[in-house]
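What follows is one structure encoded as structure tokens, with my remarks underneath.
The values are calculated or read from the model by the stated rules, or taken from the named source; none is laboratory data. The model shown is predicted, which means the values in this text are computed figures rather than measured ones. Neighbour counts are summed over all protein chains in view; Cβ atoms, including those assigned to glycine, are modelled from backbone coordinates with ideal geometry.
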Amino acid sequence: MIPRYSPSYNFKDLIISLGQAAGNSPLSILQWKLSKMYGVKHVFLFNKARTALYVLLKAYNRPGDVILPAYNCIVVPEAILYAGYLPKFVDIELNSFNMRIDVVRNSITPTTTVILATHQFGIPCDIEEMVELRQEKEILLIEDTAAALGATYNNRLVGTFGDATILSFDSRKVLSGGTGGALLVKDDFLANKVHNFVRNIHSTDPSLFLFGKCLAQKILTTPNLYKFVYSIYKLLYGEDMFKIIKPQKDMPAHFLRLCSKFAAVLTLNELAKIRLNLKTRRIIAQIYSNNLADHLQIKIPKILSKSSPSWTMFPIRVERKHDFYKWMQSKGVDVSWNFRYVCTDSFLQEEFPNAKKAAHTVLGLPVYPNLSTESAHYISQIAQSFK
């Protein structure tokens, strides 16, 4: 079975990274590489991207409303709550899965202190419009680039527009470090406040433990094993295409952790291959776009003409979501269903029709570097034959 996702690293990368993690600390090297890549002086590394967001908000210290898309990962509003702010959800544009500038503008109130501009699934939002809005207001503009490392808008990396940027190195993201995230900050004063907060955080994951976790993820997402692995997962967790998630309102223990040496080394090694990684993802996405553009049952995403996505997955909208999912499974192809919920339901808020529509209809076709173009064409053919 073709897995829905597979980490970008290979087994050789894991072995090499484990050996390198035993040497000098790679954390400063990764910080320097990201600093050069994004043109910022201040880079901070954490165990998770959500931790980076939390630390930034605590350092900014202007509790108020944070504007963010209602169609989102639940850990984002959770981190906002932990930091003492309130998530203020806005609806998305259904074809791009991102916030529209007019909706964001109309949502700003005197209690708004932050805009979180999310590039969902690696698809750039209209970030230049967000920058113009931020210049009109005394609001912090954060780019949530967790899924969009390497994506560009108007030939410029997304993550270079806002006052600060969040990156993720999770195994399901563009660049897989097993775990980890980064916070990029432009302003010296704000960066100094982040530094003062970070110096009290010391815990990290042991390298050997994280190596074992990454190794297991890679083994379990090999095509020969994946069918059996997913069968067990299905028995344990089911196949609900939509659900309401209960947010965790109390910050978990060990939430505040820094990036481990092993994750930093693995991320560095994957960063060296980022151009090929992105090229492969874009080729696969183009195959899907070409083959599915005219399908009556499937809606493909609308991309801004001056943007180039990085694609954590290729999101499609299918009204008969469960039927399509079962069809693809029957032909040996697994597809992801993130996000199968809308955050506003979790916070007992109504309306947001586009976000709810997305939660009920979105599935993700696999897009990862070790997926062959032959497999991408096969996936397209199977999807095309769905009626």
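Structure notes:
- Matching residues in the stretch 285-312 - criterion: being over 16 Å from Gln120 (Cα atoms) and in a strand (DSSP E or B): Ile298, Lys299
- Residue in the stretch 40-60 that is at pLDDT 95 or above, surrounded by fewer than 20 Cβ atoms within 10 Å (Cβ to Cβ) and farther than 24 Å from Asp170 by Cα present: no
- Residue list for the stretch 314-330, restricted to those being under 21 Å from Asp294 (Cβ atoms) and not in a strand (DSSP E or B): Glu319, Arg320, Lys321, Asp323, Phe324, Trp327, Met328
- One residue stands out in the stretch 347-358 among those that are assigned to a helix (DSSP H, G or I) and of a type outside the set (S, T, N, Q): the one that is farthest from Leu276 (Cα to Cα), namely Pro353.
- For the stretch 359-387, a residue qualifies if it is in a helix (DSSP H, G or I), in contact with a helix residue (DSSP H, G or I) (Cβ under 9 Å, 6 or more places away or on another chain) and not hydroxyl-bearing (Ser, Thr, Tyr), and the qualifying residues are Ala359, His360, Ala376, His377, Ile379, Gln381, Ile382, Ala383, Gln384.
- When we screen Pro301, Pro309 for residues that are touching a residue at least 40 places away in the same chain (Cβ under 8 Å), within 17 Å of the chain's Cα centre (by Cα) and surrounded by fewer than 23 Cβ atoms within 10 Å (Cβ to Cβ), the only hit is Pro301.
- If you go through the stretch 333-372 and keep only what is of a type in the set (Ser, Thr, Tyr) and either closer than 28 Å to Ser231 by Cβ or in contact with an Asp or Glu (Cβ under 6 Å, 6 or more places away or on another chain) (or both), you end up with Ser336, Tyr341, Thr361, Tyr368, Ser372.
- If you check Val131, Val198, Val114 for being surrounded by 21 or more Cβ atoms within 10 Å (Cβ to Cβ) and over 15 Å from the mean Cα position of the chain (by Cα), only one passes: Val114.
- Residues located in the stretch 156-209, provided they are out of contact with any strand residue (DSSP E or B) (no Cβ under 9 Å at 6 or more places or on another chain), free of Cβ contacts under 8 Å to residues at least 40 places away in the same chain and within 30 Å of Arg275 (Cβ to Cβ): Arg156
- The single condition from (1) of a type outside the set (Phe, Trp, Tyr); (2) surrounded by fewer than 20 Cβ atoms within 10 Å (Cβ to Cβ); (3) at pLDDT 95 or above that Val318 fails is (2).
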